[in-house]
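Nothing in this text is a laboratory measurement; each read-out follows from the coordinates by a stated rule. Computed from a predicted structure; not experimentally measured. All Cβ positions, even for glycine, are placed from backbone atoms using ideal geometry, and neighbour counts span all protein chains on display.
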Amino acid sequence: MNKIIEKAKLTHELTKDEILMLLENDNINEELFKAADYIREKYLGNVVNLRGLIEFTNICKRNCMYCGLRRDNKNLKRYRLTEDEIFDFASKAVNYGYKTIVLQGGEDDYFDVDKMTNIVKKIKSLGVALTLSLGEKTYEEYKAFKAAGADRYLIRIETTDKQLYTAMDPGMSFENRLECLDNLRKLGYEVGTGILVGLPNQTLDSIANDILFFKEIDADMIGIGPFIPNADTPLKDAEGGNLTLSLKVMAITRLILPDINIPATTAMESLAPNGRIKALQSGANVVMPNVTEGEYRKLYALYPGKICTGDTPSHCRGCITGKITAIGRSISDGYGFRGNSNVNSHDC
Ligand code: SAH
Ligand code: SF4
């Protein structure tokens with residue numbers, strides 16, 4: 001088992017059987033986390049990149065089985081921010097020192113190409129990097145957002161098990177999800193994807209395939225989150241994912257994609273009070289604090305127990321900075337593109 005971890009540290013290649021062995025064996029977890037931490041340090045140095053997250057609409061035309069924003073959930077008060085509110089939150093985030101803004105939302109057709117390109121241009125005028133996470137759009141739409149200045153796009157594949165994907169995302173097509181990732185890459189975005197860990201009927205075998213998929217498409221960012229059952233969805237009685245397996249998937253991903261951006265996800269912290277710190281010490285190098293204000297934070301209810309919904313953006317900025325410096329890391333002052341770090345040379 002040690003040999004597999006050593007091989008991954010040196011070559012950043014693993015076979016499916018090797019990944020499976022790491023996933024199946026819980027005796028090597030601490031060693032795996034340490035190895036991922038070492039590789040993160042070697043390639044990306046000591047710094048943590050912060051992204052200011054604006055959750056700009058909780059209205060969604062999709063019906064993903066796991067998600068509280070799904071259209072059939074009638075128990076949720078819906079909102080969409082105005083363009084002015086979005087710009088206001090983004091401007092404040094820049095004042096707090098964020099160098100990247102992430103705009104995330106449900107698939108809300110109110111925000112058509114004209115509206116979105118306007119918003120993108122306005123945020124880009126603040127001199128920040130901009131990541132979009134608005135789900136599936138056409139090639140032309142992605143192209144228009146890119147032309148307006150968007151730099152990155154996050155769209156999780158959720159699972160590469162086509163049968164599971166089809167069961168989890170009714171009415172959506174796995175092939176189209178793949179095509180979205182392909183189109184984003186062709187258009188020159190930094191492309192982020194990822195999975196949910198602990199979906200019903202998800203196997204370790206399929207998770208091993210997911211990790212190989214990240215490598216195959218050479219993703220620039222990978223977000224791994226435990227699935228947390230939401231009482232307002234059909235999966236309310238499901239077991240859900242656990243933090244340890246999510247961290248293992250993340251750590252293996254770091255070993256085979258050494259220079260990419262990997263967030264310590266909010267869902268990890270929602271499962272354990274120090275989940276994000278443990279993630280930062282197991283391969284992650286990014287945190288995405290929420291910069292949305294007021295009651296919207298509660299209403300962006302993907303899953304229950306979401307952290308910091310009663311806090312303000314300025315509190316979150318201070319809180320996360322304190323936690324990061326307490327583990328001997330510092331906040332990056334760069335834009336945080338892939339491979340960007342305070343390390344000048346490495347033997348890749
Ligand atoms: N609508 C866009 C972006 C918003 S959803 C999209 O779907 O791509 C962002 C992410 O939230 C999803 O990719 C999914 O992985 C995650 N998510 C949704 N429901 C969740 C749950 N119950 N537990 C954990 N993560 C969840
Ligand atoms: Fe909508 Fe995204 Fe939730 Fe699916 S995961 S219901 S697309 S917000």
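When the alpha carbon coordinates of the stretch 57-106 are projected onto the principal axes, the ranges are 38, 19, 15 Å, largest first.
Once both labels are positioned 7 Å from their Cα atoms along Cα-to-Cβ, the gap between D88 and S125 label points is 1.7 nm. Note on the stretch 283-328 and the stretch 151-227: Cα centroid distance 24 Å, given to the nearest whole angstrom. Within the listed set A144, A129, A326, the Gaussian network model of the chain (springs between alpha-carbon atoms below 10 Å) gives the highest mean-square fluctuation for A326. Note on K146: lysines with a C-alpha under 21 Å away, same-chain residues under 8 apart excluded, are K99, K115, K121, K122, K124, K137, K186. The convex hull of the Cα atoms of the chain, projected and averaged over all directions, covers 15.7 nm². For Y79, the residues whose amide H sits under 5 Å from its own are N58, I59, ignoring neighbours fewer than 5 places away on the same chain, with H placed 1.01 Å from N. As a rough footprinting exposure proxy, the listed residues R185, R297, R254, R51 were ranked by other beta carbons within 10 Å of their own, and the order from fewest upward is R185, R297, R51, R254. Considering only G328, G105, G194, the mean-square fluctuation computed in a Gaussian network model of the chain, springs between alpha carbons under 10 angstrom, is largest for G328. For the chain, the mean residue ellipticity at 222 nm estimated from helices alone is -12500 deg cm²/dmol, where every DSSP H run of n ≥ 4 contributes -39500 (n - 2.57) and the total is divided by all residues, rounded to the nearest 500. Other residues lying with their Cβ under 13 Å from the Cβ of I277 contribute a combined charge of +2, Lys and Arg counting +1, Asp and Glu -1. Expressed in units of 2.2 N^0.38 Å, where N is the residue count, the Cα radius of gyration of the stretch 250-348 is 1.16. Peptides 170-182, 257-269 ranked from most to least packed by the mean count of surrounding Cβ atoms within 10 Å: 257-269, 170-182. Each residue of the stretch 89-96 is assigned a 3J(HN,Hα), and the resulting list reads 4, 5, 4, 5, 4, 4, 5, 6 Hz, derived from the Karplus form 6.51 cos²θ - 1.76 cosθ + 1.60 (θ = phi - 60°), x at Gly and Pro. Taking other residues whose beta carbon is less than 11 angstrom from the beta carbon of D232, and scoring Lys, Arg as +1 and Asp, Glu as -1, yields +2. Computed from the Cβ-Cβ distance with R0 of 22 Å, the FRET efficiency linking S314 to A272 stands at 0.35. What is the list of residues in the stretch 189-221 whose amide nitrogen lies under 16 Å from a point 7 angstrom out from the Cα of A167, following Cα to Cβ? In the stretch 189-221, the label zone of A167 (backbone N under 16 Å from the point 7 Å along Cα→Cβ) covers 196-207.
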